[in-house]
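Notes to accompany the following structure.
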Amino acid sequence: MTTTEKLVPLDQQEAEEPFDASQDLILNMGPQHPSTHGVLRLVMRLRGERVVKCTPVIGYLHRGIEKIFESRTYMGGIRYCDQFEYISNMLNEHAYVGAAEALLGVEVPRRAEYIRVIVDELSRCSAHLVGVGTYVLDLGAWTPVTYCFRERERILDLFEALGGSRFNHNYFRVGGVLFDLPTGWLGTLEKFLGDFGKLLDELEELVSGNEIFRARTVGVGVIPQDVAVAYSLSGPNIRGSGVPFDMRTYRPYGAYPELDVQPQVRYGGDCFSRYEVRLYEMREAIRLCRLAMANLPGGPIQARVPHAVRPPKGEAYFTVEGAKGDLSLYMVSDGLSQNPYRAKVRGPSFVNLQILPRLVKGCTMADVVAILGSIDIVLGEVDR
Amino acid sequence: MDLTLILGQLGRLVIGLLIAIVFVIGSALVLSWGDRKMLAYTQDRFGPLHSGPRWLQGLPFAIADTLKLLLKEDVVPGEADKILHLLAPVMFVMPMLGAYVALPLANQFPVAADLNVGLIFVVAVSSLSTLGVLTAGWSSNNKYSTLGGLRAVAQNISYEVPLVLSLVPAAMMAGTLSLSGIVSAQVSTVWFGLLLPLAALIFFICGLAETNRNPFDLPEAENELVAGYLTEFSGIRWAMFFMAEYGNMVVICWMAATLFLGGWHGPFGEGFGWLWTMAKLYAVMFVFLWVRATLPRLRIDQLMGFAWKVLIPLALVNIGLVGTLAVLVPGTIPVALPLGITVWQFTLPVYALPLAAVNWAMLAIFVWKLPSLVLLRPATKPESARAVKQTVVVGNPLADAAGR
């Protein structure tokens, strides 16, 4: 699978078409726009409906979360992970506590690792439900998004029963998780997983099978394999281009080595492939949840870690497979403070967004929306 | 000319316009509620619920909504072309109201006047509303509005052509351009929708495009153009556009009911004619709303390609077919269809039989081939098979990808 396409630096590509005042229209799409998924601003140069050039402008949602980490203890920083990316909160918490555990050298109990897998996969589902639902909404279909959010609501209910909070869960702890599973929670989960499978079947029929949806997505925004690698994409975006790069198998963490994770890969590289990867990742998540539930060990849910910890001097880098891709946290401890000296988030959305100007070049304006939706960014995490 | 005659005609016209206005406003009220309710039930929601008593299911919301719009501040953008911004809603509403004049409500009872060129009149007048959309888009001095207005012109002009062409077969079979004449022809033969299903479907599709409904709502595509040409309109001006859009939908559905579904023709005698017209109209309308709840939006090039490369040739073929068969195959045959307790008796021109057969066959092929017709180009299918469902990673995937 080789591509003949050369990687041309963006500034050279732009040099080809000078600005033509009689034909070109500069259109500011965003920061307030229904389908920029937050406060992204796209400065687009349009020629008719065609996009000549597109420049994303970010930073409208910058809250300095990484700086905040430096003034919070290791335990206190967890709750900010719910906020730098607000769609798949559990996964962010996992990245954070993973890095902190690596610094401290804490052994996490196996039961906690399995519970983490379950909530991680549920969180991935909730993120993909938003991603797929709003994507189809971007293409003008009004109905699937409500079905997706209906099921997401049930995931949030499950999280609420688990940690007491629907959105800012604050459920992970350095060395384990906050609470054990409540009585009957697994039964509710099992019931939900059954219904969720039905929803995915329904979505596949309603959306994947729709001719207009296919016409809008198949062959649109194609990312060749080598380009995907060159742009350092991750998550469904790179797997949609046929690279089976999944942190759960590539660099397994937590309980994932014991579970048979099968990364979902599609070879189209287009919007449809990325959509389909997300859809099938949800099916995979159902399977992994069931697997984790079946193998759920007993025992404690938390290692003995004091609330105020002072890790030895050192640095740690921990990667989880986030909903949008390779979500990592780099944490430095100076050995003196109870707070991280530095905590840097490697956000997948931020990295994935790079490829947008290249993809939308020459597309129609409607395709910009389709491609942006298929890359599935969360602005909170892009800007942090 | 006799003065009383002129006055009588004038009075009839005024009454007709009043009927039209009342009907449009009433329709817009009920339909905006029905639209939301329909969408809500499709999406597993309740929709409007809390206005008025529970058993009304939120129907008074439409009135509350209208009042809200009437009382809202009338915001005009500072850089807008004030006069055109004021005129645009009027330019959009007037043609829509004008189109009602010739529509037949029941036998011998058009809304205002039974024009002998009713078909041409309705199509011509209702296509004028494009001007209002363009004016709205241009006068707002907003880039989204301008794009929306330009999209609307491109789309409405393109779809006007197959729309008119799909009406020609019905007029040819009836031998008249008068709308009530066409219904009378259907009463004496059979509903043209049964003989010309393809034309009916093309008309329906073009009707969706003409009224900017999903999947052809590009001019006001929320996800791309915010609200398209409506972006800078608020309050009563927006309400006028809103009302006129529903009014246009009613016109299209009324035309469909008149030309393809037999208009006032139905059981229980002529007295129920108006009821049958309304019932058919709202049945078509139901499909309009249903489509909105189901389909995503087309892209502009796909939309234009679908009109020019698929619908127009098909409509032309249909016209040629009707003409050829009508000339070649003369004569009529009486038909009696037992329908429940009654027997539906009519005389059918002989050429209608092969015509219907060919048309239904074409319809079947059209629907069957629709996916490729919408695509119009083979999907750029990347090299490797898309059938690969799952792969298990062995080794370093990045090295694999780079090595291949």
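The values are calculated or read from the model by the stated rules, or taken from the named source; none is laboratory data. On a predicted model such as this, the values are computed, not experimentally measured, just so you know. Ideal geometry is used to build each Cβ from the backbone, glycine not excepted, and the neighbour counts take in all protein chains shown. Side chains are part of the model used for accessible areas, which takes the heavy atoms of the whole protein and leaves out ligands, DNA and RNA. Shrake-Rupley method; radii C 1.70, N 1.55, O 1.52, S 1.80 Å.
For the reader, a short list of remarks on this structure follows.
- Drop in accessible area of at least 30 Å² in the complex versus isolated chain, residues of the range A:30-79, 1.4 Å probe: A:33, A:34, A:49
- The mean accessible area for residues of chain B, using a 1.4 Å probe and ignoring ligands and nucleic acids, is 45 Å² per residue.
- For the range A:65-383, the solvent-accessible area works out to 29 Å² per residue, with a probe of 1.4 Å and every protein chain left in place.
- Remark: mean inter-chain Cβ contacts per residue of A:358-366 equal 3, using a 10 Å Cβ-Cβ cutoff to other protein chain atoms.
- Under 26 Å from residue B:369, Cα to Cα: lysines that are on another chain or at least 8 residues apart: B:309, B:381
- Residue by residue along A:208-216, Cβ atoms of other protein chains within 10 Å of the local Cβ number 6 on average.
- Coupling constants for the range A:74-87 follow from the phi torsions by the Karplus curve (6.51 cos²θ - 1.76 cosθ + 1.60, θ = phi - 60°), and in residue order they are 4, 6, x, x, 4, 5, 6, 5, 5, 10, 6, 9, 9, 9 Hz; glycine and proline get x.
- Along its principal axes, the range A:256-348 has C-alpha extents of 50, 36, 17 angstrom, given from the largest down.
- Cα-centred dipole magnitude for the range A:156-304, charges only on beta-carbon of K, R (+1) and D, E (-1), debye, nearest 20: 400
- Listed peptides A:111-117, A:359-365 appear in the order A:111-117, A:359-365 once ranked by packing, highest mean of other Cβ atoms within 10 Å at the front.
- Two numbers describe the Cα atoms of the range B:76-144: Rg and Dmax, which are 15.8, 51 Å.
- Mean Cβ neighbour count within 10 Å, used as a protection proxy, ranking A:190-198, A:326-334, B:25-33 highest first: A:326-334, B:25-33, A:190-198
- Dimensions in Å of the range A:65-383 - Rg and Dmax from alpha carbons: 19.2, 61
- Each of B:137, B:321, A:27 was placed along the dipole of the protein assembly as shown (beta-carbon charges, centred on the mean Cα), and the one lying farthest toward the positive end is A:27.
- Estimated 222 nm signal from helices in chain A, with DSSP H stretches of n ≥ 4 weighted -39500 (n - 2.57), rounded to 500: -14000 deg cm²/dmol
- Taking Cα centre as origin and charging only the Cβ of basic (Lys, Arg, +1) and acidic (Asp, Glu, -1) residues, the dipole magnitude of chain B rounds to 920 debye.
- The charge dipole of chain A, taken about its Cα centre with unit charges on the Cβ atoms of Lys, Arg (+1), Asp and Glu (-1) only, comes to about 760 debye.
- Across peptide A:263-272, the average count of Cβ atoms from other chains found within 10 Å of a residue's Cβ is 5.
- Highest mean packing comes first when the peptides B:151-161, A:39-49 are listed by Cβ atoms within 10 Å, giving B:151-161, A:39-49.
- Whichever lysines have a C-alpha closer than 29 Å to that of residue B:143, once near sequence neighbours (fewer than 8 apart) are set aside: A:53, A:361, B:68, B:72, B:82
- Based on alpha-carbon atoms, the Kirkwood radius and the radius of gyration of the range B:235-323 give Rg/Rh equal to 1.08.
- Binned Cα-Cα distances of the range B:119-192, short to long, each 10 Å bin given as a whole percent: 19, 35, 22, 16, 8, 1
- Label separation (residue B:74 vs residue A:354): 5.4 nm, computed from points 7 Å beyond Cα along the C-beta direction.
- Report summary: the helix-based calculation at 222 nm, which adds -39500 (n - 2.57) for every DSSP H run with n ≥ 4 and divides by the residues of chain B, gives -21000 deg cm²/dmol.
- The alpha carbon centroids of the range B:125-163 and the range A:336-371 are separated by 36 Å.
- Accessible carbon and sulfur surface of the range B:75-374 relative to its total accessible area, %, 1.4 Å: 76
- Counting only aspartates and glutamates at least 8 places from residue B:37 when in the same chain, those with an alpha carbon closer than 19 Å to its own are B:65, B:245.
- Projected area, mean over directions - the range B:1-158, Cα convex hull, nm²: 14.0
- Histogram of C-alpha separations across the range B:187-298, 5 Å bin width, %: 2, 11, 18, 20, 17, 12, 9, 6, 3, 1, 0
- Toward the positive end of the charge dipole of the protein assembly as shown, with +1 on the Cβ of Lys and Arg and -1 on the Cβ of Asp and Glu, the farthest Cα among B:25, A:229, A:318 is that of A:318.
- When chains A and B come together, the accessible area they lose, probed at 1.4 Å and totalled over both chains, is close to 4900 Å².
- Shielded residues, the range B:44-60 - accessible-area loss of 20 Å² or more between chain alone and all protein chains, probe 1.4 Å: B:44
- Scattering curve values for the protein assembly as shown, log₁₀ I(q)/I(0), Debye with Cα scatterers, q = 0.05, 0.06, 0.08, 0.10 Å⁻¹: -0.33, -0.47, -0.77, -1.08
- Where only alpha carbons of chain B are counted, the Rg and the Dmax (Å): 24.2, 97
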